[in-house]
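What follows is a single structure, written as structure tokens, with notes after it.
The values are calculated or read from the model by the stated rules, or taken from the named source; none is laboratory data. What you are looking at is a predicted structure, and each value in this text was computed from that prediction instead of being measured. Virtual Cβ from ideal backbone geometry, glycine too; neighbours counted across all protein chains shown. Ligands, DNA and RNA are stripped out before the accessible areas are found, and what is left, the full protein with its side chains, is counted by its heavy atoms. Shrake-Rupley method; radii C 1.70, N 1.55, O 1.52, S 1.80 Å.
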Amino acid sequence: MAAETTSPPTADLRDGHTAADAAQGHGPAGTTEVAAHGADSGGLPQFKFEYWGGQIVWLFLIFAVLYTLLAKVFVPRLRKIKDDRAATIAAAVTQARSVQAEAEAQAAAAQAEISEAHSRSRRLASDAKTKAASDLAASQKAEDVRLQAQMDEAETRIRGLRDQAMTNVRGIAADTAQAIVEKLTGQKLSTTEVNAALAAQGAV
């Protein structure tokens with residue numbers, strides 16, 4: 001039984017390890033022993049006190065690196081993006097208000113122009129109506145004057161024609177009376193006597 005459990009020296013030389021290496025924990029035998037010791041101890045290495053110093057140092061290093069990155073890179077970029085966005089929004093709002101104010105001013109100006117146009121049109125219509133009435137009155141007056149002049153001229157012409165007709169009638173009557181008297185009496189009266197007799201007859 002002792003011969004079966006003891007490893008021959010040739011086997012140790014063939015593997016490249018000596019008994020001393022195996023005793024120090026090097027080689028396959030030492031590795032197996034360390035693994036067996038770790039397996040026997042149990043738990044994670046992070047929870048062992050002998051590793052806490054290195055873990056704390058790495059924790060501080062990682063925290064410092066992350067803090068530096070956040071403080072110097074990420075936070076300024078985020079703040080810059082936020083400020084740019086706020087500035088863009090403020091500029092857009094200001095521009096929108098400016099455009100709205102300009103639109104309201106243009107609408108007010110357009111309304112004022114429309115009101116002025118309506119007032120001007122009403123004023124022009126009133127002036128045109130007044131001028132038309134004045135022109136119509138002047139034309140009517142001129143027409144009345146013209147018609148009155150024509151009526152006066154017609155009356156004057158009628159009076160002239162009447163006077164001329166009466167003169168002709170008186171001449172005809174004188175001639176007729178002279179002819180009748182001459183035929184009845186055989187005496188010829190003069191024109192003066194006939195006119196005097198007709199005048200006396202007309203006076204009576």
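Might you report the magnitude of the Cβ-based charge dipole of segment 67-204 about its Cα centre, with Lys and Arg at +1 and Asp and Glu at -1, to the nearest 20 debye?
On the way: 20 positive and 17 negative charges, 312 e Å.
Its charge dipole is roughly 1500 debye.
For segment 63-204, state what percent of all Cα-Cα pairs lands in each successive 10 Å bin, counting from 0 Å until the bin that includes the largest distance.
Computed distribution, short to long bins: 9, 12, 9, 8, 8, 7, 7, 6, 6, 5, 5, 4, 4, 3, 3, 2, 1, 0.
Whole-Hz ³J(HN,Hα) for each residue in segment 142-151, computed from phi via Karplus 6.51 cos²θ - 1.76 cosθ + 1.60 with θ = phi - 60°, x for glycine and proline: what do you get?
5, 5, 4, 4, 5, 5, 5, 5, 5, 5
Å³ per residue of the Cα convex hull, for segment 42-113? Working shown, then result.
On the way: hull volume 6.3 nm³, N = 72.
Once divided by residue count, the hull of segment 42-113 is 88 Å³.
Determine the per residue accessible area of segment 127-204 with all protein chains present and a 1.4 angstrom probe, expressed in square angstrom.
Value returned for segment 127-204: 84 Å² of accessible area per residue.
Under a straight-distance cross-link criterion of Cα-Cα below 20 Å, which lysines are reachable from K80, leaving out those fewer than 8 residues away in the same chain?
K72
To the nearest 20 debye, what charge dipole does segment 141-185 have about its Cα centre, counting +1 at the Cβ of each Lys and Arg and -1 at the Cβ of each Asp and Glu? Let's see the in-between values first.
Details: 7 positive and 8 negative charges, 20 e Å.
The calculation lands at about 100 debye.
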